[in-house]
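This report concerns only the one structure given below.
Every number here is computed from the coordinates shown, using simple stated rules; none is lab data. What you are looking at is a predicted structure, and each value in this text was computed from that prediction instead of being measured. Don't worry about glycine lacking a Cβ; one is built from the backbone with ideal geometry, like all the others, and counts go over all protein chains shown.
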Amino acid sequence: NVSLILLINLVIIMLTNAIIITTHHPCSAFHASTEISNNLVCDNFTLTLASTDFGLTIHEKPLAVLEPTSITEISELIKVSNSLSTPFTIAARGQAHSVHGQAMAREGIVVNMTHLNGYRHGKGVVIFRDEKDLWNSYADVGGEQVWSDVLNAALEYGLTPLSWTDNLFTSVGGTLVNAGVGGQTFKFGPQIANVYELDVITGKGDLKTCSAEKNSKLFYGVLGGLGQFGIITRARIALGPAYTKASIIFHYIILFAYIVVERLVTGLKYVPTFKYEKDVLYQNFLHSSENPGGFPEGPQSWLDIFVPGSRISDINEGVFKNIIFKQNLTANGIILAFPMNRTKWNDKMSVAIPDEQVFYLVSVLQTVTYDTLKTFDDQKNQILEFCKDSGIGIKQYLPRNKTHEEWIQHFGPKWQNFKDTKNKFDPKRILAPGQGIFN
Ligand code: FAD
């Protein structure tokens, strides 16, 4: 009888995810008695990978990496953390294409989302094609899926997502917590404006389906919410008919780095040899805007800012002419400027953008060396200072290195709601510590 009672007790402990904290190997600190413990990995190679991203400048080591074999495990992990008097932090890691450690969790747990691929059994992207109106079509996509796979699956049905980033190997969850912007944004809005529904595991560990009609606070909060309120496990992405060559021309624009066909350049000044035309397949066209010339491997010094349309010529004078070109620093990199239209954005979403009808994403993206990193980062700070001193109401995209006060300023009138949403869905400040907003 006594051993039966002991056994029952043990089972109860296992079911409640009891944690035994020990002082041995880091993984033993998470000696959870469920599948979670089987899928927590603590070897040096995995931890080093989880503390590295595309930027190669920030390295925050987690205690362990969860390689989930189901969505329930992620939910359980978050619940375990919530149950502790000192919760550990948890960061979802998509493709780690961040450049400032946003997907890291120092002494917390990183969830390697790509492992959900196994759980989906090849069904990470499911297409619904509406024969009566192709514009009502959509894809149900795992948050860990990469956009390139969404594209390939949709094209098989003659369909396509409408809005893209320039790199198709980012994860769906990873771009939806930012915005997802590129050459189509002026026409179709950012990727976050092309989502019908989400499944999200909140910072309390609850799995919720949300949309504009259902759990709308969570839905709007998560879109552009820098991973603060939940982990996206499914997104319903708007699809439309796949483009013809002609529609590509009118649905894509990017200035400075590329000039696309006659109609777009009429009336614009440009260096004639920069103009070229080439016939390519739609999917090759989307891939062609990736890493022009390639971002060589090395530390990245990047700055992305949204600039109000009325001040774009100040950026030309004060940033391009007086800072970047004058300093004449040598690096591999590109400067991009995308025009955007505010009406294509939804102000209820978390992302902070300038308060003008037309604004631009201006990106200065440079691959540097460890010797020159500080010089280039100083240049980025100089650009930010110039914008501040000149009263140009920029907003940083993929923001970085902010103090608490700067975050409040960054979100401006959206801050109070952002904080309230955090208190509601992640009151113990467990999720996405690498963004540095609440931790
Ligand atoms: P990660 O770096 O893995 O994670 C980023 C953040 O999202 C972290 O805070 C992480 O915890 C959180 N996160 C990840 N997955 C989830 C999830 N499922 N649910 C909730 N939170 C999650 N961006 C653009 O908008 N337009 C571009 O054209 C563009 N081009 C790029 C080109 C290159 C070469 C690179 C390296 C980046 C580019 N980016 C661009 C930026 C990129 O979209 C973001 O860095 C994006 O976050 C990368 O996605 P990821 O899957 O790698 O996210």
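Only one residue of 189, 218, 163 has its Cα farthest out toward the positive end of the dipole of the stretch 119-243, where Lys and Arg carry +1 and Asp and Glu -1 on Cβ, and that residue is 218. Residue separation of residue 44 and residue 134 scaled by 0.36 nm, minus their Cα-Cα distance, works out to 27.5 nm of gained length. Rounded to the nearest 20, the size of the Cβ-charge dipole of the stretch 119-243 about its Cα centre is 280 debye, with Lys and Arg at +1 and Asp and Glu at -1. Among residues other than residue 158 with Cβ under 14 Å from its Cβ, the summed charge is -3 (Lys and Arg +1, Asp and Glu -1). State whether the stretch 336-421 is rounded, prolate or oblate according to the following rule on the C-alpha gyration tensor (a ≥ b ≥ c being the square roots of its eigenvalues): a/c under 1.5 gives rounded; otherwise a/b larger than b/c gives prolate, and the remaining case gives oblate. Here the stretch 336-421 falls in the prolate category.
Lysine pair count for the stretch 300-402 with Cα-Cα distance under 21 Å and sequence separation of 8 or more or different chains is 15. Near residue 46, once Lys and Arg are set to +1 and Asp and Glu to -1 for all other residues with Cβ below 12 Å from its Cβ, the sum equals 0. Here the stretch 80-203 carries DSSP beta bridges of which approximately 55% are antiparallel, counting only pairs with both residues inside.
If you sort the three axes of the alpha carbon gyration tensor as a ≥ b ≥ c, you get a/c of 1.5 or more for the stretch 166-216 and a/b no higher than b/c, which makes it oblate. What does the charge count near residue 216 come to, summing +1 for each Lys or Arg and -1 for each Asp or Glu among other residues with Cβ under 13 Å from its Cβ? Counting the neighbours of residue 216, the net charge comes to +3. Residues in the stretch 175-183 carry Karplus couplings, in order, of 7, 6, 7, 9, 5, x, 10, x, x Hz; the curve used is 6.51 cos²θ - 1.76 cosθ + 1.60 with θ = phi - 60°, and Gly or Pro positions show x. In this rough spin-label picture, where each label sits 7 Å from Cα along the Cβ direction, the residue 212-residue 382 distance is 4.5 nm.
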